[in-house]
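Let me begin by presenting the structure, written as structure tokens, before commenting on it.
Coordinate-derived values only; no laboratory data. Predicted, not measured: the structure shown is a model, and the values here were computed from it. Cβ atoms come from the backbone with ideal geometry, glycine included; neighbour counts cover every protein chain shown.
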Amino acid sequence: MRGIFSLKSSVIVTAILLASLAAGAQDHIYSQFFNAPVYLNPALNGEFKGSFRANMIYRNQWSSISGDLNYMTTSLDYQLPNFAGAVGLMFNSSSQGTAYLKKNNIAGVYSYSVGTDGFTASFGLQAGITNRKLDFSKLVFSDQLDPRLGFEGGASMAESPYNDSKYYFDAGSGVNFIVGNAMVGASMLHLNKPDESFTGSKVYTPVRTAIHASYRYALDRSDPYDEEGTFLIPSVVYYKQAQATSVSAGMQFKYRGVNAGAWFRSNGKGQTDSFVFSLIFDIFTNSYKNQKLRLGISHDATANKLNYSNTSGTSEVSVGFETGEAQDKGYTSLKCYNFY
């Protein structure tokens, strides 16, 4: 039974891989989108209280399926004091299948903000280099399978691709607005539609569009930006890339340094994809400067045709740090991170 399940899992992973090779790979989506702010929207670069912030998030998708479906994003952003701009650096890495398809991207980010205490508008630009690499020798094709014994090894008659490594330039942009207790933003990545084909024929990366909105409601009538208060924070994120769409909607309950959330994600056609539960702990290491260490975990309960019993769901873990200097040091106070 284990061999049958392993073969079934391998077929699922290989099918996902071959679909991405044929149709152009879709970007991965983080359930903890609020803990990968620069990945969601380059306009969120520098949108925090302080001078320096670092975020890392790791996603292990469908953990019981053999083969790696892992994704990681690390970002560093620095807000310039007494200046409305910020600079950042982001690194993305993904692995789909056991050494099958790997993608690494490094990008620089620049953002600029304008506004007052009750209104902020921010704009971001992102540009970088991506490497997409395939280990063709790890793929299993039908002429290597025996109906009774499964994989028997040996060479396949399948034709290898034109090359197994591709570098290309990639660019994106975004905007974000805060009006009182509400925030709304949008981003468009892969604006230059880079060619990511291994075969020599053109396969363009489709533009990824994300639209997100959040609202911060104070339950105890306190200052809506007071970290000591109690809040409900409903959010919704819409993604579209080529024909693939996704909608995530849910709510977080935030009490001081503890944040619990529940989410529903659909494929954009009214079909349920998963239910997500998240828990975040903010540890304030310096009360004077609001210096903060953030730890986050979440789990997706798969609700689509793959179902939870076949996949064991998807888990994410995140770590964040921000320095938290005050407004009188030249850092603005009304920031997007207040909504998470």
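Residue by residue, region 104-112 carries 3J(HN,Hα) couplings of 10, 9, 10, 9, x, 10, 10, 9, 9 Hz when phi is fed to the Karplus relation 6.51 cos²θ - 1.76 cosθ + 1.60 (θ = phi - 60°); x denotes Gly or Pro. Site pair Y112 and V184 shows an inter-label distance of 2.4 nm when each label is modelled 7 Å from Cα along Cα→Cβ. Multiplying the residue separation of K202 and L219 by 0.36 nm and subtracting their alpha-carbon distance yields 0.8 nm.
In a fully extended conformation the segment linking Y238 and F169 would gain 22.3 nm over its present Cα-Cα distance, using 0.36 nm per residue. Over all other residues within a Cβ to Cβ distance under 10 Å of S93, the charged ones net out to +2, with Lys and Arg as +1 and Asp and Glu as -1.
Taking each residue as 0.36 nm, the span from F91 to N192 lengthens on full extension beyond its C-alpha to C-alpha distance by 34.5 nm.
Could you pull out the pairs from K49/K292; K254/K292; K202/K269 whose alpha carbons sit more than 21 Å apart here?
From K49/K292; K254/K292; K202/K269, over 21 Å: K202/K269.
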